[in-house]
1. Residue 286 is checked against (1) part of a loop (DSSP other than H, G, I, E, B); (2) at pLDDT 90 or above; (3) among the basic types (Lys, Arg) and fails just one. What number does that condition carry?
2. Condition first: surrounded by 19 or more Cβ atoms within 10 Å (Cβ to Cβ) and modelled with pLDDT of 90 or more. Now tell me which residues in the range 165-179 satisfy that.
3. For the structure I just gave you, tell me whether residue 320 is outside any loop (DSSP other than H, G, I, E, B) and closer than 24 Å to residue 160 by Cα.
4. Of all residues in the range 324-350, count the ones that are touching a strand residue (DSSP E or B) at 6+ places or on another chain (Cβ under 7 Å) and aliphatic (A, V, I, L, M).
5. Would you please name the residue that is modelled with the highest pLDDT, looking only at residues in the range 77-103 that are in contact with a helix residue (DSSP H, G or I) (Cβ under 9 Å, 6 or more places away or on another chain) and part of a helix (DSSP H, G or I)?
6. Which residue pairs have Cβ atoms under 9 Å apart, sit 6 or more places apart or on different chains, and have a first residue in the range 112-138 that is exposed (fewer than 11 other Cβ atoms within 10 Å of the Cβ) and a second that is of a type outside the set (Asp, Glu)?
7. For the range 144-218, which strands (runs of 3 or more DSSP E) that fit wholly inside it have 3 or more residues that are more than 22 Å from residue 131 (Cα to Cα)?
Amino acid sequence: MANAPDNKLTSSSSELDLDRPNLEDYLPSGSMQEPRGKLRLDSGLVDWWTVCRRDLLDISPTLTEAAGAIVDDSFTRCFKSNPPEPWNWNVYLFPLWCLGVVIRYGILFPTRVLVLTLGWIIFLSSFIPVHFLLKGNDKLRKKLERCLVELICSFFVASWTGVVKYHGPRPSRRPKQVFVANHTSMIDFIVLEQMTAFAVIMQKHPGWVGLLQSTILESVGCIWFNRTEAKDREIVARKLRDHVQGADNNPLLIFPEGTCVNNHYTVMFKKGAFELGCTVCPIAIKYNKIFVDAFWNSKKQSFTMHLLQLMTSWAVVCDVWYLEPQTLKPGETPIEFAERVRDIISLRAGLKKVPWDGYLKYSRPSPKHREQKQQIFADSVLRRLEEK
């Protein structure tokens, strides 16, 4: 009598997949044993308890998968662009929508291309002589290059019909300070750069964006990193410490989330900017989605297509808040400091905090792996139904 339940349990458990968790491994020892007393007197109760245990073990992988799906959904929400609901759904609104398409693509877009082209002509015709002819006068050259970078960024914002409202005092160049901001798109840098020439730390990109990084933006002291290079972290950390010590260097701007988030959430801040021993100046950026969603999903859209989307929209509207500088409190760790600054930015921009590491965005399982898991689960359910 005492061995019968164990035999049934063993035969049932052997049908489960090997990668599924065993519920007994997570329960205290003795919690899955048969209750004493009534179990020895009533064989029907033994059978009932055996079935309950078997069903509980069968459903535990389901609960695990469900919990994983909830966690995954909470994570992926941070990196999804939510398209606006269509408003051209009846015979009265559809002609207005068509008129808007004609205006945006037939009038605004060509005008914006012309403005951006004119900006590049003015910028390059000034930047190239300044960069190569004033190498003997570094102070004047850097000052002019800063002004020219601010100018081309202003042309970019104008090409989106950008409406940017800045709140708070304009950043100034001081030693031992670093600016941190939430990150929605690469245009965050452009929006901030048109007001102040920041030296930014940013992921190295390919194509024409990478060309700009290695030539023009390097003139303002920008620092690049490669996520796939393990040694890059030490090199970048050393460059950051050297940069913040210089009184004549441009203010350092860091996006501590490390990836673009959809302007509804903030993910975990990396602690690198908060262990430099510097004053941290938070910047909160909030985009208004009424005209266009400024979130850049780099895994699904190139930056060229992202710019095209912005240039064919009605306008890019956002608010930028330069918040009160923060310093490390006595007994506070860099991680706690980072979370405190994240609280300040999230509260000011109206963003929700989530406890996820943004780098997980680059290491998520492939769709094929998810489909295989779904097929395995479906097969186990079918087997269970056939047994009954």
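The values are calculated or read from the model by the stated rules, or taken from the named source; none is laboratory data. Everything quoted here is computed from the prediction, not taken from an experiment. No Cβ is skipped: glycine too gets one built from the backbone with ideal geometry, and neighbour counts run over all protein chains shown.
1. (1) is the only condition that residue 286 fails.
2. Within the range 165-179, 178, 179 meet the criteria.
3. For residue 320, the condition - outside any loop (DSSP other than H, G, I, E, B) and closer than 24 Å to residue 160 by Cα - is met.
4. Total meeting the criteria: 4.
5. Once the filter is applied, the top-ranked residue is 78.
6. 133/141; 135/141
7. Counting at least 3 such residues, we get 162-167, 177-181.
Results for (1) within 16 Å of the chain's Cα centre (by Cα); (2) among the hydrophobic types (A, V, I, L, M, F, W, C); (3) buried (at least 17 other Cβ atoms within 10 Å of the Cβ); (4) modelled with pLDDT of 95 or more, shown as yes or no for each residue.
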site: 351; (1), (2), (3), (4): yes, yes, yes, no
site: 368; (1), (2), (3), (4): no, no, no, no
site: 373; (1), (2), (3), (4): no, no, no, no
site: 382; (1), (2), (3), (4): no, yes, no, no
